[in-house]
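Following: one structure in structure tokens, then a few remarks.
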Amino acid sequence: MMNSAAGPAVRADGLTVVRGGRTVVDGLSFDVPRSTVTGLLGPSGCGKTTLMRAIAGTQAKVTGTLDVLGRPAGAAPLRSRVGYVTQAASVYTDLTTRQNLEYFASVLGLPRADRRAQVERALADVDLTTHADALAGNLSGGQLSRVSLAVALLGSPELLVLDEPTVGLDPVLRRDLWGLFHRLAAERGTTLLVSSHVMDEADRCDRLLLMRAGRLLADGTPDTLRTRTRTSTVEDAFLHLVDTAREDERTDEEETR
């Protein structure tokens, strides 16, 4: 169950990232409730990955306020409490699936007595038990992504930041992974922030952050967003919000002439 007294898992206020002279994330303010699956949705290039890197503590030149699990993002004590999965699989292809997990369990400093159980649980979570002794280099792209997810699950992190973990996967595997995400939230109290540019995944989330061009278009449940925009799907809600934002931008430009 979510511990509301502990505050949100992520709290941002005026969060801005400027890279190469361009504002990639522009003044975002939002909360991510604990023990929920929050979707970060928006088109490619809108700033989702930069935002996730900031939350994981790996993004430079971040201004504004960004607290993660009650501490400033990137603080040393968060390293074992936050799991981060990038779009590119971060595993060693010359090691087996199990060897990768054992190696990262050691890097994380998990007690030796607990490592075997942690590795086996992570393998089961991502349905790779039957591929535990296969070389990572011989696995499919989808299986490699699941190895990265298994690594992130080691140590039972309180927050999982997953950058497009289901993109390119077959429908059955996508369904199974979303089922896993919700089990982690409901049974282990894990908070998940999952990015995607596939709008049909929006209804799988408890809450949504909709982004466009580095800005936050909306923050709320799928039902709330549909009701607010008087649309039947989250995709239609997103398009409605984009059209409204464009109209506001045109109005602002005309007023400044």
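The values are calculated or read from the model by the stated rules, or taken from the named source; none is laboratory data. The structure displayed is predicted, hence computed values, not measured ones. So basically every Cβ, Gly included, is an ideal-geometry build from the backbone, and we count neighbours across all protein chains shown.
Listed conditions (1) surrounded by 20 or more Cβ atoms within 10 Å (Cβ to Cβ); (2) in contact (Cβ under 8 Å) with a residue 40 or more places away in the chain are all met by G57, apart from (2). Within segment 42-98, the set of residues being in a strand (DSSP E or B), of a type in the set (S, T, N, Q) and touching a Gly at 6+ places or on another chain (Cβ under 9 Å) comprises T63, T65. Condition test on S148, is it in a helix (DSSP H, G or I), out of contact with any Phe, Trp or Tyr (no Cβ under 7 Å at 6 or more places or on another chain) and buried (at least 19 other Cβ atoms within 10 Å of the Cβ)? Spelling it out, S148 is indeed in a helix (DSSP H, G or I), out of contact with any Phe, Trp or Tyr (no Cβ under 7 Å at 6 or more places or on another chain) and buried (at least 19 other Cβ atoms within 10 Å of the Cβ).
In segment 152-173, how many residues are within 15 Å of the chain's Cα centre (by Cα) and part of a helix (DSSP H, G or I)? Outline the logic, then answer.
Of all residues in segment 152-173, those within 15 Å of the chain's Cα centre (by Cα) come to 152-153, 157-167.
Filter once more, keeping what is part of a helix (DSSP H, G or I): 152-153.
Qualifying residue count, segment 152-173: 2.
Could you tell me whether segment 209-218 includes any residue that is part of a helix (DSSP H, G or I), buried (at least 16 other Cβ atoms within 10 Å of the Cβ) and modelled with pLDDT under 95? No, there is no match, as no residue in segment 209-218 is part of a helix (DSSP H, G or I), buried (at least 16 other Cβ atoms within 10 Å of the Cβ) and modelled with pLDDT under 95.
Considering segment 99-131, the residues that are closer than 22 Å to R175 by Cα and among the small types (G, A, S) include one that is surrounded by the most Cβ atoms within 10 Å (Cβ to Cβ), namely A122.
Scanning segment 100-140 for residues that are among the polar types (S, T, N, Q) and within 28 Å of I55 (Cα to Cα) turns up N100, S106, Q118.
Would you check which residues across segment 179-208 are of a type in the set (A, V, I, L, M, F, W, C), within 23 Å of G168 (Cα to Cα) and either part of a helix (DSSP H, G or I) or in contact with a His (Cβ under 8 Å, 6 or more places away or on another chain) (or both) and list them? Selection gives L180, F181, L184, M199, A202.
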